[in-house]
Every structure is written in structure tokens, then in C-alpha cells.
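> Handing you this structure, nothing more for now.
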Amino acid sequence: MKKMKINTKFFAVLGLISLMFTSCDEGDAVVDNVTANTERGAILRTVELISNELPIGVADGSFMVELEVQSEENGTLVNSVEVHVGFRDNTDEVGPGTDVDQQLFATVDKSTFTTGEFGLPRFTYSATLPEMLAFVGRTEAEITGGDQFEVRFELVLDDGRRFSFAQNSGTLTGSYFSSPFLYTPTVICPIPEGAFTGMYSLVQENDGPLGTTFENGTYEIVATGGTSRAIDVNAYPQFGGFARTFLFELICDSFKIGDVDTGLACVAGGAAVLYGPADTTTTYDINDDSVIVITFKETGGSCGPEVDVTITLTKV
């Protein structure tokens with residue numbers, strides 16, 4: 001009687017296939033379980049930052065923003081939005097020179113939400129300078145241009161979860177979804193409409209680290225905000241010229257220059273040339289915009305040392 005041979009290879013293959021299908025089934029079950037039990041967050045998207053400047057002496061001057069709620073079930077899980085307000089004293093010479101920590105300022109109930117163009121809840125929130133001053137215990141005499149308020153929004157969901165600036169994942173929600181949760185409206189001194197704008201003749205009074213920083217010539221100053229101004233200049237003509245935008249702010253009698261990376265360097269991978277505030281701030285007369293003198297610090301990066309550069313702009 002012949003013995004029946006067992007094809008061990010066949011059963012081994014069957015076993016392997018069975019194991020593969022079992023593993024896939026179990027894997028799918030795990031994925032389904034994770035997906036079903038994953039808690040999703042919520043964001044508060046900036047639809048429009050309507051006003052982010054707080055002019056001193058203007059009773060109806062306010063911070064105002066339109067926001068959209070995005071979460072599971074089209075935002076309907078959001079119960080309310082809390083508004084927290086704090087204060088940053090950026091000018092020690094005026095007022096106590098101390099910051100005020102954020103505290104609960106107001107609560108926006110979901111009953112006040114409207115439906116936006118994408119079917120999601122929206123609301124517009126505003127707070128005046130006098131309201132926020134009273135909340136942080138300051139008067140107009142104790143603030144000046146450059147001081148800032150902190151306005152932080154916090155989403156409160158029906159299940160008690162909260163989402164705000166601390167849960168913000170930076171680039172994803174802060175930039176891509178335009179959901180910073182935190183805004184810093186700045187105190188300003190009002191500028192008459194049209195002041196410090198128009199055509200000006202620019203003269204550079206001294207060399208920067210590379211020689212000529214901005215080519216002398218006639219340029220237009222344009223308003224990019226209540227107190228913000230911009231000039232499109234031809235930078236470094238001795239090297240062929242580079243189109244750059246020079247920005248400055250008119251903050252309560254003083255010019256404020258923000259930090260700007262020009263993106264230019266003398267060697268590949270070297271430190272870039274930077275513009276920033278000088279040690280000595282130049283001032284302006286709100287009633288006379290015929291001549292503007294601005295001093296800023298130009299840092300040469302890989303090209304040279306730091307130099308305070310002065311430009312004079314004369315209205316034409």
C-alpha cells in the first residue's frame with residue numbers, strides 16, 4: 001500500500017495566504033477603530049481682520065474681526081467662544097510699564113452666529129479702546145503709540161473641550177487656515193487722511209555698509225494702513241538694482257521701522273542684509289508732511305558692518 005505524500009509546500013502557501021488575509025482584516029479593524037475614536041479639533045478662521053489699530057482719542061476706534069467656526073458637523077458642536085484680553089506696555093516711559101495678563105473679557109454665545117457662504121457659522125466681534133482700557137485698568141494718559149492689546153479667542157465645545165492659541169499647530173492652522181486665535185491690535189495716534197503720502201524726492205544722506213542703499217530719485221509713498229506707509233525703491237543700483245519695498249510706521253510723533261530681511265547677501269548661503277530700527281528714533285510733525293527724515297539701521301550681514309542710514313524725503 002502506497003503512502004500518500006503530503007505537499008507541505010502547498011499547505012505552507014495556504015497558511016501564508018491565510019495569515020496575510022487575517023493580518024489585513026485585523027489591520028483594517030484597527031484603522032477603523034482608530035478613525036472612529038479619533039477626536040477632531042476645531043479652528044476659528046479669520047474671514048477678515050476689519051480693524052487692528054486703536055487710535056488714541058477716537059471714541060469709536062475699535063478692534064474688529066470677522067471669524068468662521070470650523071469643526072466636526074459644520075461647527076455645530078461649538079457651544080460658545082470666549083474672548084480673553086490682556087495688555088502689552090511696550091513704552092516704559094509712559095504709564096506703569098507693566099503688562100496685564102489675559103483675563104476673560106466676554107463670551108460669544110452660539111445663538112448669535114450667522115451662516116456664512118460655505119454653510120459654516122460666522123460672527124463679527126468688536127471691542128473699543130475705551131472698553132479694553134477700562135478692563136485692564138488703564139487710562140489714555142497711561143498708554144501711547146506702540147502699546148498693544150492681546151485679544152485671544154477660545155472655542156468651547158459642547159463636550160467641554162477647548163481650542164485656542166495653545167493648541168495652534170503653527171503653520172497648519174495659523175497660516176494655512178488663517179486661524180491664529182490671538183490678535184494684537186496696536187495703539188496708534190490718528191494720522192490725517194492722505195498725510196505722508198504722494199510723490200517724494202529721496203536723498204540718502206550717508207553711505208550704508210554697501211555704499212548706496214536706495215537710489216536717489218522720486219518715489220511714491222503709499223498708505224498701507226492708518227499709520228503704515230510703504231515706498232517701492234530701487235535698492236543697490238551700483239550692483240544692477242533690486243526692487244524692494246521700504247516700510248515704516250508713524251507712531252505718535254515717531255517713525256517706527258520694522259525688521260526687514262532683504263533676501264540679499266554677498267555670498268551664497270551668507271547672512272542677508274537687514275533693515276531695522278536705529279538706536280535713535282527720528283520724529284515727525286503731524287501737521288507738516290513736506291519733509292520726512294528717517295534713520296534706520298542697515299545690517300550688512302555677509303557684506304559689511306551695521307550702519308545707521310538716514311534718508312530725507314521731500315514732497316514734490
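> List the residues whose amide H sits under 5 Å from the amide H of GLU306, counting only those 5 or more places along or on another chain, with H placed 1.01 Å from N in the peptide plane.
Residues meeting the criterion, in which the H sits 1.01 Å from N, are GLY300.
> For the range 172-316, what class follows from the C-alpha gyration tensor (a ≥ b ≥ c being the square roots of its eigenvalues): rounded when a/c is under 1.5, otherwise prolate if a/b is larger than b/c, else oblate?
It is oblate, given that a/c is not under 1.5 and a/b is not larger than b/c.
> Could I ask something else about it? Hey, with R₀ at 45 Å, roughly what FRET efficiency would THR114 and THR139 work out to, going by the Cβ-Cβ distance, to 0.05?
The pair THR114/THR139 has a calculated efficiency of 0.80.
> Give me the percent relative contact order of the range 79-165, please, defined on Cα pairs under 8 angstrom at least 6 residues apart.
Averaging sequence separation for qualifying contacts and normalising by length gives 42 percent for the range 79-165.
> Further question: Could you give each residue of the range 284-298 its phi-based ³J(HN,Hα) in whole Hz, using Karplus coefficients 6.51, -1.76, 1.60 with θ = phi - 60°, and x for Gly or Pro?
Those phi angles translate into 9, 9, 4, 8, 9, 10, 6, 9, 10, 10, 10, 10, 9, 8, 10 Hz.
> Now for a different question. Of the peptides 216-229, 249-262, how do they stack up when ordered by the mean number of other Cβ atoms within 10 Å, highest first?
249-262, 216-229
> Roughly how many nanometres apart are two label points built 7 Å out from the Cα toward the Cβ at CYS266 and GLU193?
According to this spin-label approximation, the distance is 4.8 nm.
> Separate question: How much length is gained on full extension from ASP158 to ASP253, taking 0.36 nm per residue of separation minus their Cα-Cα distance?
Gain on stretching ASP158 to ASP253: 29.3 nm.
> Using 7 Å Cα-to-Cβ label points, what is the ASP92/GLU72 separation (nm, one decimal)?
5.0
> Semi-axes of the range 243-316's equivalent ellipsoid from the Cα gyration tensor, sqrt of 5 times each eigenvalue, largest first, rounded to whole Å?
For the range 243-316, the ellipsoid semi-axes come out as 27, 12, 10 Å.
> For the range 250-255, what does the Karplus curve 6.51 cos²θ - 1.76 cosθ + 1.60, with θ = phi - 60°, yield as ³J(HN,Hα) per residue in whole Hz, taken in order and with x for Gly and Pro?
Going residue by residue, I get 9, 10, 6, 6, 10, 7 Hz, with x marking Gly and Pro.
> Ignoring ligands, DNA and RNA, please state the percent of accessible area on the range 142-250 from carbon and sulfur, probe 1.4 Å.
Accessible surface attributable to carbon and sulfur in the range 142-250 totals 53 percent.
> Of VAL203, VAL94, ALA223, which is farthest towards the positive pole of the range 89-226's charge dipole, taken about the Cα centre with +1 and -1 on the beta-carbons of Lys, Arg and Asp, Glu respectively?
With unit charges placed on the Cβ atoms, the residue in question is ALA223.
> Order these peptides, 149-159, 281-291, 300-310, by their mean beta-carbon neighbour count within 10 angstrom, highest first.
Per-residue mean Cβ counts within 10 Å order the peptides as 149-159, 300-310, 281-291.
> Near the amide H of ASN79, under 5 Å away, which other amide H atoms are found, from residues 5 or more places off or on another chain, if H is placed in the peptide plane?
Those qualifying (amide H under 5 Å, at least 5 residues apart or on another chain) are VAL156, LEU157, ASP158.
The values are calculated or read from the model by the stated rules, or taken from the named source; none is laboratory data. Here the structure is a predicted model, which is why all the values come from computation and not from measurement. Virtual Cβ from ideal backbone geometry, glycine too; neighbours counted across all protein chains shown. Side chains included, ligands, DNA and RNA excluded: accessible areas come from the protein's heavy atoms. Shrake-Rupley method; radii C 1.70, N 1.55, O 1.52, S 1.80 Å.
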